[in-house]
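Asks: Shown below is the structure under consideration.
The values are calculated or read from the model by the stated rules, or taken from the named source; none is laboratory data. Fair warning: this is a prediction, and the values are worked out from it, not measured in the lab. Virtual Cβ from ideal backbone geometry, glycine too; neighbours counted across all protein chains shown. Side chains are part of the model used for accessible areas, which takes the heavy atoms of the whole protein and leaves out ligands, DNA and RNA. Shrake-Rupley method; radii C 1.70, N 1.55, O 1.52, S 1.80 Å.
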Amino acid sequence: MRTFFLILNMFAAIIVSGQQNIDVLHYKFEIQLSDSSDNIKGRATITVRILKSSEFIELDLINKDSTEKGMVANQAIENGMPVSLEHKNNKLVLKPSTLLRTNEERTFEIFYSGIPKDGLIISKTKYGRRSFFADNWPDRGRNWLPCHDDPADKATVEFIVTAPEHYQVVANGISIEESSAGNGNRLTHWKEETPISTKVMVIGVADFAVNLAGFISDRIPVYSWVYPENKNEVFYDYALAKDILPFYITRVGPYGYKKLANVQSKTRFGGLENANTIFYSENLITGARRSEGTIAHEIAHQWFGNMATEKSFGHLWLSEGFATYFTILYFENKYGKDTAAAMLKKSMAQVIEFSKKSNKPVVDTAEKNYLKLLNANSYQKGGWVLHMLRRELGDSVFWKSIRKYYSIYSGGIAGTEDLQRVFETVSGKNLKQFFKQWLYTPGQPLLDFYWKYDDALKKLKVSIDQKQNQLFHFPITVKIVDSRGKTLYKRIMVSQQSESLVISVKEKPSMVLLDPEVSLLYEEVEKK
């Protein structure tokens with residue numbers, strides 16, 4: 001047994017001293033693109049802080065395979081001197097001549113080339129024009145960029161793209177330079193000074209029409225980058241962003257970037273929340289402004305997911321659940337409570353349907369296929385958790401907690417336990433039971449609700465039975481309406497398998513409704 005543990009500890013040490021021993025501080029990616037080939041050439045200059053002394057560092061980069069797609073790393077250097085490089089099993093191992101010491105900052109240049117298997121979509125737009133669109137989420141950046149492809153490792157980034165001069169290039173951050181690169185090429189340089197995860201680093205290279213929709217707070221430009229063929233329709237739809245952005249600034253906190261660009265693209269998703277450079281599916285927009293929800297969702301991610309980032313994909317609800325609920329909050333503010341209630345009911349139905357096929361909790365650290373986390377748990381149920389927190393604690397405490405959470409974790413990473421700690425601090429309440437049952441426990445309450453009126457005693461008995469295996473603790477409201485339309489509300493604290501409440505009323509109610517204000521995520525037993 002001693003030998004086994006010794007070997008295990010040696011293996012753990014190797015892992016720690018490799019991929020997990022760095023904090024990437026800055027990436028500079030110099031990318032060459034052409035119209036004659038899908039092969040790209042790259043030079044990545046990567047500055048890292050060493051977290052633990054080691055002989056090597058490890059980065060992610062997909063190898064070339066039998067299809068001839070993938071990257072080949074040709075050379076690495078540090079301070080002009082060659083660095084030992086090994087590229088296999090989709091890992092890039094750099095071993096410099098000197099020991100990497102704790103807290104040192106080291107900069108390496110990596111030269112590579114290849115045809116991306118994924119991550120950078122080289123294709124044609126729906127109008128037949130050649131284009132290049134990054135699509136890194138969740139961990140696909142490694143298909144074309146040497147990187148530490150982990151949402152928790154945030155870094156500043158520069159993209160210097162050399163491409164045929166008929167293209168326009170958009171990327172994270174602000175434009176630093178556009179100049180002729182000779183031979184019919186143009187060099188475009190973008191720089192992002194706010195640390196971001198590789199999942200939301202992006203370039204878009206296409207024949208674009210570009211529109212300035214306006215400025216927010218007289219300092220944040222809002223741009224639209226769209227295909228020339230449908231520019232009027234898309235400019236019109238994307239202009240919604242200049243109305244959405246101020247809502248989040250006012251309610252949550254300052255916008256973390258120096259611009260917002262909404263980009264028509266070839267992303268596989270309906271929308272992709274790349275930091276300050278949001279990509280939308282090329283077919284999403286029609287000029288009828290029917291995609292306001294998608295635009296509001298992706299803009300919300302600039303606060304939740306991009307600035308305040310989940311520490312791992314297992315806590316994805318801190319990104320997607322927030323964006324889902326804040327879209328509802330935006331619609332509630334603009335269109336009213338009835339609209340928000342309808343959206344919540346639709347979300348509830350999606351959660352219930354998903355729960356019949358999956359027995360997994362919202363916080364799902366076991367799932368390693370991150371694309372499978374794009375489900376109703378991460379989106380709709382995550383949003384419902386926030387809604388129930390708001391209902392239970394009240395608007396004032398809810399918004400104070402949200403602003404505090406954002407002020408603490410903006411620019412950093414957070415886990416579900418961090419959000420819980422903030423809400424408990426602000427509210428002064430112990431929320432262990434709440435977070436455990438809604439985020440770490442699969443499913444939701446299945447309630448059998450019924451009532452009976454005793455005309456002789458003038459008493460109404462309201463009963464709620466929990467039919468699911470795992471007991472939930474929650475408050476729920478009952479609405480009682482008499483024959484004249486007079487309304488009475490009663491709040492019931494449910495913590496047992498069966499709960500009853502006896503209420504004195506003068507006549508048999510004409511209606512008794514459960515959860516009239518749409519405050520609880522639950523499924524009701526169908527009556528036969």
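Asks: Using r as the Cβ-Cβ distance of Leu501 and Arg290, and R0 as 41 Å, what FRET efficiency do you calculate, to the nearest 0.05?
Replies: Numbers: r = 44 Å, r/R0 = 1.07.
After rounding, the FRET efficiency stands at 0.40.
Asks: A follow-up question, please. Please determine, in degrees from 0 to 90 and to the nearest 10, the orientation of helix 382-393 with respect to the longest principal axis defined by the Cα atoms of the chain, where the helix direction is its Cα long axis.
Replies: Once rounded, one gets 50 degrees.
Asks: If you consider only alpha-carbon coordinates, what radius of gyration and Dmax does the stretch 451-528 have, in Å?
Replies: For the stretch 451-528, the Cα-based Rg and Dmax read 13.1, 40 Å.
Asks: Between Thr107 and Glu424, 0.36 nm times their residue separation minus their Cα-Cα distance comes to what?
Replies: Separation in residues times 0.36 nm, less the Cα-Cα distance, equals 109.9 nm.
Asks: While we're on this one: Under a point spin-label approximation (7 Å from Cα along Cα-to-Cβ), what is the Lys346-Gln20 distance to one decimal in nm?
Replies: Between Lys346 and Gln20, the label points sit 4.2 nm apart.
Asks: Multiply the residue gap between Lys400 and Lys41 by 0.36 nm, knock off their C-alpha separation, and tell me the result in nm, one decimal place.
Replies: 124.4 nm
Asks: Rounded to a whole number, what % of the accessible area of the stretch 53-192 do carbon and sulfur atoms account for, probe 1.4 Å?
Replies: Working: 2600 of 5940 Å².
Roughly 44 percent, rounded to a whole number.
Asks: Determine, for each peptide in 90-96, 159-165, the mean count of other beta carbons within 10 angstrom over its residues, then list the peptides with the highest first.
Replies: 159-165, 90-96
Asks: Roll a 1.4 angstrom probe over the protein heavy atoms and tell me the percent of accessible area of the stretch 395-528 that is carbon or sulfur.
Replies: Working: 3620 of 7350 Å².
Carbon plus sulfur share of accessible area: 49 percent.
Asks: Which one of Ile160, Ile122, Asn136 is farthest out on the positive end of the charge dipole of the stretch 119-168, using unit charges on Cβ (Lys, Arg +1; Asp, Glu -1) and the Cα centre as origin?
Replies: Checked the options; the winner is Ile122.
Asks: May I ask you to compute the full-extension gain from Glu55 to Asn79, defined as 0.36 nm times their residue separation minus their alpha-carbon distance, rounded to one decimal in nm?
Replies: 6.9 nm
Asks: Would you mind giving the average projected area, over all directions, of the Cα convex hull of the chain in nm² with one decimal?
Replies: Mean projected area for the chain: 31.2 nm², to one decimal.
Asks: With r as the distance between the Cβ atoms of Ala456 and Ile408 and R0 = 60 Å, compute the FRET efficiency 1/(1 + (r/R0)^6) and round to 0.05. Spell out each step's value before the answer.
Replies: Values: r = 59 Å, r/R0 = 0.98.
Plugging the Cβ-Cβ distance into 1/(1 + (r/R0)^6) gives 0.55.
Asks: Could you tell me how many degrees, from 0 to 90 and to the nearest 10, lie between the Cα long axis of helix 2-17 and the main elongation axis, the longest principal axis, of the Cα atoms of the chain?
Replies: Between the helix axis and the principal axis of the chain, the angle is about 70 degrees.
Asks: Taking only protein heavy atoms into account and a 1.4 Å probe, give the accessible area per residue of the chain in Å².
Replies: That works out to 44 Å² for each residue.
Asks: Only helical DSSP H runs with n ≥ 4 go in: add -39500 (n - 2.57) per run for the chain, normalise by residue count and round the 222 nm mean residue ellipticity to 500 deg cm²/dmol.
Replies: -7500 deg cm²/dmol
Asks: Output the 0 to 90 degree angle, nearest 10, between the alpha-carbon long axis of helix 416-427 and the longest principal axis computed from the alpha carbons of the chain.
Replies: Tilt relative to the chain: about 50 degrees.
Asks: Rounded to the nearest 20 Debye, what is the dipole magnitude of the chain about its Cα centre when Lys and Arg each give +1 and Asp and Glu each give -1 at the C-beta?
Replies: Value, rounded to 20: 1640 debye.
Asks: Could you check the simple spin-label distance between Lys356 and Lys479, using points 7 Å along Cα→Cβ, in nm with one decimal?
Replies: 2.6
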